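Student: Below you will find the structure I want to go over with you.
The values are calculated or read from the model by the stated rules, or taken from the named source; none is laboratory data. In this text the structure is predicted, and so the values were computed from the model without any measurement. Heads up, the Cβs are rebuilt from the backbone with ideal geometry, glycines too, and the neighbour counts pull from every protein chain shown. Heads up: the accessible areas ignore ligands, DNA and RNA and are worked out on the full protein's heavy atoms, side chains in. Shrake-Rupley method; radii C 1.70, N 1.55, O 1.52, S 1.80 Å.
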Amino acid sequence: MKIPFVSFKPMERELDTELRAAFTRVFENSWYIDGAEDKAFEEAFAKYCKADYCVGCGNGLDALMLTLKALGIGKGDEVIVPSNTFIATALAVTYVGATPIFVEPDINTFNINPSLIEEKITPKTKAIMPVHLYGQACDMDPIMAIAKKHNLFVVEDCAQAHGATYKGKNIGTFGDAAGFSFYPGKNLGALGDAGATITNNKELAEKLRALGNYGSDYKYHHIYQGTNSRLDELQAAFLSAKIPFMDKMNKNRREIAKKYLEGIKNPSIILPYVMPECEHVWHVFAIRSNRRDELANYLEENGIGVNKHYPIPMHMQECYKELGIKQGELPIAEEISATQLSLPLYYGMTDEEINYVINCINQFK
């Protein structure tokens with residue numbers, strides 16, 4: 001049996017009518033930037049997240065970078081980020097001229113460890129950027145308490161956690177703002193690159209919109225040195241078509257994860273931990289094994305697609321060698337990078353496919 005790491009086919013077949021209608025609507029209107037589709041999506045996504053404002057942009061990295069810029073963070077400032085995440089989180093900090101300060105994760109949840117944040121705070125620290133990695137919310141109460149104590153901004157990186165909650169509250173609504181990616185593989189994915197920021201701050205939302213539109217508040221009037229990062233009408237229409245199905249798709253992902261959690265019984269595998277106060281949306285089903293590479297090769301030989309999130313920790317990437325962080329200084333991030341393996345999990349997986357993955361893993365010696 002062949003099982004890809006991810007497949008969009010089941011979802012696309014189910015939403016075929018809605019997606020084609022979205023394309024036709026945009027094509028017939030002949031309006032492709034900053035139009036009715038963008039406005040409708042922003043309103044729908046803000047409502048879905050239970051936020052007051054949503055501002056679309058070109059991608060998830062831009063959502064984070066523009067948010068930091070709108071908050072006035074720049075050269076000479078520091079932003080606390082988790083040592084275990086996709087590099088876009090750190091790049092957003094770098095792109096505004098600030099310095100990312102890495103804090104180790106909790107080995108069980110993979111998310112930033114709140115108990116290690118305060119020791120990294122300096123007079124230069126301006127913000128904390130928690131990442132709700134793999135679809136599970138960070139432990140937000142202590143993070144928000146630390147931010148309040150030290151008068152820091154909180155920018156949530158929600159790129160992998162559309163619809164996740166913490167103590168019944170939607171992620172993205174705890175901090176000053178939150179950035180989302182709608183890369184095709186996300187729980188809410190466009191048919192290309194797209195992103196957005198949500199916030200409850202009207203002034204911040206207006207500044208974000210201007211910064212992503214060449215710094216312009218109205219045509220040919222530029223109040224900031226902005227950039228070009230706008231959510232185009234076509235991607236907005238596709239995303240709007242998917243929002244009504246989001247809860248159904250996330251529920252399906254939780255059902256698949258539950259079968260994995262109950263069915264995988266192999267002593268060489270460490271299964272993911274779910275915090276009881278969180279509703280996980282399972283963007284990634286991340287297991288760990290000290291024999292990760294052997295396991296990955298074995299699964300691929302048996303037709304099962306896998307991935308590693310992420311095989312090289314950020315501080316060991318060549319692009320961040322100027323930070324001077326040596327191997328061994330962030331051991332938890334390094335351990336996760338060396339042992340983590342992501343299993344296939346996507347909307348519409350069949351029981352036959354799920355059971356095949358489980359059986360193959362259980363037979364791994």
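Student: For the range 304-338, what are the residues that are among the hydrophobic types (A, V, I, L, M, F, W, C) and either closer than 19 Å to residue 5 by Cβ or open to solvent by less than 20 Å² (accessible area, probe 1.4 Å) (or both)?
Tutor: Once the filter is applied, which keeps residues that are among the hydrophobic types (A, V, I, L, M, F, W, C) and either closer than 19 Å to residue 5 by Cβ or open to solvent by less than 20 Å² (accessible area, probe 1.4 Å) (or both), the range 304-338 yields 304, 306, 312, 314, 330, 333, 336.
Student: Next up: What is the residue count in the range 339-365 for residues that are open to solvent by 60 Å² or more (accessible area, probe 1.4 Å), over 11 Å from residue 304 (Cβ atoms) and either part of a helix (DSSP H, G or I) or modelled with pLDDT of 95 or more (or both)?
Tutor: The number of residues fulfilling the criteria is 5.
Student: Sticking with this one: From the residues in the range 75-93 that are free of Cβ contacts under 8 Å to residues at least 40 places away in the same chain and touching a helix residue (DSSP H, G or I) at 6+ places or on another chain (Cβ under 8 Å), which one is most open to solvent (accessible area, probe 1.4 Å)?
Tutor: Checked the range 75-93; the qualifying residue most open to solvent (accessible area, probe 1.4 Å) is 91.
Student: Let me ask another. Could you run through the range 94-112 and say how many residues are touching a strand residue (DSSP E or B) at 6+ places or on another chain (Cβ under 6 Å), touching a residue at least 40 places away in the same chain (Cβ under 8 Å) and farther than 15 Å from residue 78 by Cβ?
Tutor: Matching residues across the range 94-112 total 1.
Student: Could I ask something else about it? Tell me, please, whether a residue that is within 28 Å of residue 87 (Cα to Cα) and assigned to a loop (DSSP other than H, G, I, E, B) can be found in the range 290-303.
Tutor: yes
Student: Could you grab me the full set of residues in the range 1-21 that are over 24 Å from the mean Cα position of the chain (by Cα), exposed (fewer than 15 other Cβ atoms within 10 Å of the Cβ) and part of a helix (DSSP H, G or I)?
Tutor: 13, 16, 17, 20, 21
Student: Looking only at the range 28-54, count every residue that is crowded, with 23+ Cβ neighbours inside 10 Å, touching an Asp or Glu at 6+ places or on another chain (Cβ under 7 Å) and not charged (D, E, K, R) and tell me the total.
Tutor: Residues in the range 28-54 being crowded, with 23+ Cβ neighbours inside 10 Å, touching an Asp or Glu at 6+ places or on another chain (Cβ under 7 Å) and not charged (D, E, K, R): 1 in total.
Student: Could you check residue 156 against (1) open to solvent by 10 Å² or more (accessible area, probe 1.4 Å); (2) touching a Pro at 6+ places or on another chain (Cβ under 7 Å) and say which number it fails?
Tutor: So the condition that residue 156 fails would be (1).
Student: How many residues does the range 22-33 contain that are β-branched (Val, Ile, Thr), in a helix (DSSP H, G or I) and in contact with a helix residue (DSSP H, G or I) (Cβ under 8 Å, 6 or more places away or on another chain)?
Tutor: The number of residues fulfilling the criteria is 1.
Student: Something else: Find all pairs meeting these conditions: Cβ atoms under 8 angstrom apart; at least six residues apart or on different chains; first residue within the range 251-264 and over 13 Å from residue 353 (Cβ atoms); second residue surrounded by fewer than 16 Cβ atoms within 10 Å (Cβ to Cβ).
Tutor: 264/362
Student: I need a count of the residues in the range 172-213 that are outside any strand (DSSP E or B) and either touching a His at 6+ places or on another chain (Cβ under 6 Å) or closer than 30 Å to residue 9 by Cα (or both).
Tutor: 14
Student: Okay, moving on. Any residue at all in the range 265-282 that's buried (at least 16 other Cβ atoms within 10 Å of the Cβ) and assigned to a helix (DSSP H, G or I)?
Tutor: Checked the range 265-282: no residue is buried (at least 16 other Cβ atoms within 10 Å of the Cβ) and assigned to a helix (DSSP H, G or I).
Student: Would you check which residues across the range 211-232 are touching a residue at least 24 places away in the same chain (Cβ under 8 Å) and touching a Ser or Thr at 6+ places or on another chain (Cβ under 8 Å) and list them?
Tutor: Passing the criteria: 211, 212.
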